[in-house]
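The values are calculated or read from the model by the stated rules, or taken from the named source; none is laboratory data. Predicted model, so just to flag it, every value in this text is computed and none were measured. FYI the Cβ positions are ideal-geometry reconstructions off the backbone, even for glycines, and counts take in every protein chain you see.
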Amino acid sequence: METRVDFVKPKQLQQLQRKILRIISSRLAVHTEVTMEKTDMIKSVQFDEDGNCELVVQPNRPHCPCCLLDLQDFHSEIKAIKGIGNVLLSVEGVPDNDRWTRALNQ
């Protein structure tokens with residue numbers, strides 16, 4: 001029996017990247033009046049051929065529950081994009097970053 005794997009075409013991948021960049025450039029970072037794009041909050045955005053997305057983020061305030069809730073909303077907004085497979089937010093630069101990462105990706 002043959003297993004079929006669907007890959008996202010390069011043109012579709014570019015469209016997904018543009019949609020995520022549009023969200024990042026229009027979404028205000030919590031506690032600021034500046035978009036996420038203009039802060040150093042988003043460290044990297046990576047895609048694979050299946051349409052899965054991994055974002056590395058660093059919250060502005062490491063001990064703030066508002067930052068966690070905002071990142072949770074951000075995760076949901078990206079996951080709602082049609083064509084996105086799985087979204088993984090990896091948190092860095094804060095104490096207990098593995099706990100933040102687990103909480104955001106539940």
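Listed values, structure above:
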{"quantity": "Test set (1) buried (at least 16 other Cβ atoms within 10 Å of the Cβ); (2) touching a Ser or Thr at 6+ places or on another chain (Cβ under 8 Å); (3) of a type outside the set (S, T, N, Q) - Glu37 fails condition number", "calculated": "(1)"}
{"quantity": "Members of region 43-58 found to be modelled with pLDDT of 90 or more and of a type outside the set (Ser, Thr, Tyr), listed by number", "calculated": "Lys43, Val45, Gln46, Asn52, Cys53, Glu54, Leu55, Val56, Val57, Gln58"}
{"quantity": "Region 53-81: number of residues that are closer than 19 Å to Arg22 by Cβ and of a type in the set (S, T, N, Q)", "calculated": "1"}
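Rundown of residues vs (1) more than 14 Å from the chain's Cα centre (by Cα); (2) under 19 Å from Ala29 (Cα atoms); (3) surrounded by fewer than 13 Cβ atoms within 10 Å (Cβ to Cβ), yes/no style:
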| position | (1), (2), (3) |
| --- | --- |
| Glu49 | yes, no, no |
| Cys53 | no, no, no |
| Asn60 | yes, yes, no |
| Asp70 | no, yes, no |
| Asp73 | no, yes, yes |
| Ile81 | no, no, no |
| Asp96 | yes, no, yes |
| Thr101 | no, yes, no |
| Leu104 | no, yes, no |
